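Right, one structure below, let's go through it.
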Amino acid sequence: MATTAHAGNHNLKLAYDRYMRYLFIASALLLTVIIAAIIIFVGQQGLMTFKEVGPAEFFLTGKWDPPAGQFGALSFILGSIYVTALAVLLGAPLGLAGAIFMAKIAPPRLRAVMRPATDLYVAIPSVVYGFIGLTILVPHIRVYFGVNTGFGLMAAAAILAVMILPTIISISEDAIRSVPRALEEGSLALGATRWQTITGVILPAALPGILTSIILAMARAVGETMAVQMVIGNTPQIAKSLFMPTSTLTSEIVVEMGNTPFGSAWGNSLFLMALALLLLSLAMILVIRRVAGGRVA
């Protein structure tokens with residue numbers, strides 16, 4: 001009887017595992033279908049723009065005046081690239097420093113407080129960051145840098161740098177803490193200082209995880225809408241300084257999507273901007289992964 005019951009339980013577990021595997025496969029296929037459908041829909045709708053606007057005009061000119069039939073999106077593309085790059089340049093070093101401090105320097109009690117506090121920043125809505133930037137950061141930039149409005153790349157990048165900090169800190173800290181203890185002890189045993197061990201042994205070993213955090217931070221930054229829209233100025237012009245109002249792909253889509261009829265050249269151009277944003281995000285990820293592969297090799 002015991003043997004029969006044991007065999008029955010074993011068969012039940014096998015059936016459960018098989019059904020769960022089918023469930024996971026079905027979920028993955030459904031997710032793939034949804035993503036493919038979004039890409040196909042956005043791509044088809046966006047490519048209809050080229051019936052009335054040439055690719056060179058759309059991607060290589062910065063003149064955006066839909067009522068006049070001018071649909072140059074270069075200023076928005078460059079705005080997205082500039083804001084993302086500047087946000088990562090500001091946020092990545094700070095995030096990595098915070099991750100090193102929490103993983104290797106902070107006492108356990110302090111880390112127990114800082115890690116949950118860092119994770120809480122992810123739950124703050126982006127509109128809150130944007131409102132703080134609008135009411136505090138923009139006026140300070142206007143006063144201390146002597147510019148006319150205070151809106152522009154610097155304000156947007158500073159807000160985004162703060163928003164991506166939790167992603168970089170959390171993932172980088174996990175990557176640093178996952179480095180085998182034997183590597184650190186071996187370095188210290190050979191006479192290396194604590195800082196030499198961190199910079200010469202731990203960080204290179206944790207580099208794939210650190211680069212992954214930067215990739216996810218870039219994806220967050222390039223796709224951020226509300227906070228950027230509130231502080232960047234929303235002006236369709238190519239920024240020639242850090243304090244010049246400009247616009248990004250996401251902020252321009254948000255500003256104009258409610259005013260455009262579906263199927264028009266104006267509406268289709270917004271879909272094409274969304275497709276360009278998607279391809280831009282993909283290109284960033286591929287470039288960083290290429291660099292990560294070269295560094296790790």
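All of the numbers you see were taken from the coordinates with simple rules; none came from a lab. All values reported here derive from a predicted model rather than from experimental measurement. Cβ atoms come from the backbone with ideal geometry, glycine included; neighbour counts cover every protein chain shown.
Couple of notes before you dig in:
- Helix axis angle, 2-47 relative to the chain longest principal axis, alpha carbon, degrees: 20
- For the chain, adding -39500 (n - 2.57) for each run of n ≥ 4 DSSP H residues and dividing by the number of residues yields -23000 deg cm²/dmol at 222 nm.
- Loop-located chymotrypsin sites (Phe, Trp or Tyr not before Pro) in the stretch 134-179 (DSSP state not H, G, I, E or B) with no more than 15 neighbouring Cβ atoms inside 10 Å: Phe145.
- Phi-based couplings in Hz for the stretch 256-263 (Karplus 6.51, -1.76, 1.60; Gly and Pro marked x): 10, 5, x, 10, 10, x, 5, x
- Measuring nothing but alpha carbons in the stretch 161-276 and taking Rh as the Kirkwood radius, the Rg to Rh ratio lands at 1.23.
- Taking a ≥ b ≥ c as the square roots of the eigenvalues of the Cα gyration tensor, an a/c ratio of 1.5 or more together with a/b no larger than b/c marks the stretch 224-284 as oblate.
- Within the same chain, aspartates and glutamates fewer than 8 places from Lys63 are excluded, and of the rest, those with a Cα less than 20 Å from its Cα are Glu52, Glu252, Glu256.
- ³J(HN,Hα) computed for each position of the stretch 199-214 - Karplus, 6.51 cos²θ - 1.76 cosθ + 1.60, integer Hz, glycine/proline x: 7, x, 10, 6, 5, x, 5, 8, 4, x, x, 5, 5, 4, 5, 5
- Extension gain, Gln196-Gln237: 0.36 nm per intervening residue step, less the Cα-Cα distance, totals 10.1 nm.
- Note on the stretch 196-245: the C-alpha convex hull projects to 5.5 nm² when averaged across all orientations.
- In the elastic network of the chain, a GNM with C-alpha springs shorter than 10 Å, the most mobile of Ile159, Ile171, Ile39 is Ile39.
- Packing-based order for 233-241, 94-102, 29-37, 118-126, using average beta carbon neighbours within 10 Å, highest first: 94-102, 233-241, 118-126, 29-37
- Of Arg220, Arg109, Arg177, the one that fluctuates the most in a GNM where the chain has Cα springs shorter than 10 Å: Arg109
- Pair-distance profile P(r), taking every C-alpha pair of the chain, with 10 angstrom steps and integer %: 6, 21, 25, 22, 15, 8, 3, 1, 0
- Selected from Leu270, Leu47, Leu14 as most flexible by GNM, with the chain as the system and alpha-carbon contacts under 10 Å: Leu14
- Overall form of the stretch 1-146 per C-alpha gyration tensor (a/c, 1.5; a/b vs b/c): oblate
- The H on the amide N of Trp64, modeled in the peptide plane, is under 5 Å from the matching H of Gly72, each at least 5 residues off or on a different chain.
- Table column - 3J(HN,Hα) (Hz), the stretch 55-72, Karplus curve with 6.51, -1.76, 1.60, x for Gly and Pro: x, 4, 5, 5, 8, 10, 10, x, 8, 10, 8, x, x, 8, x, 10, 10, x
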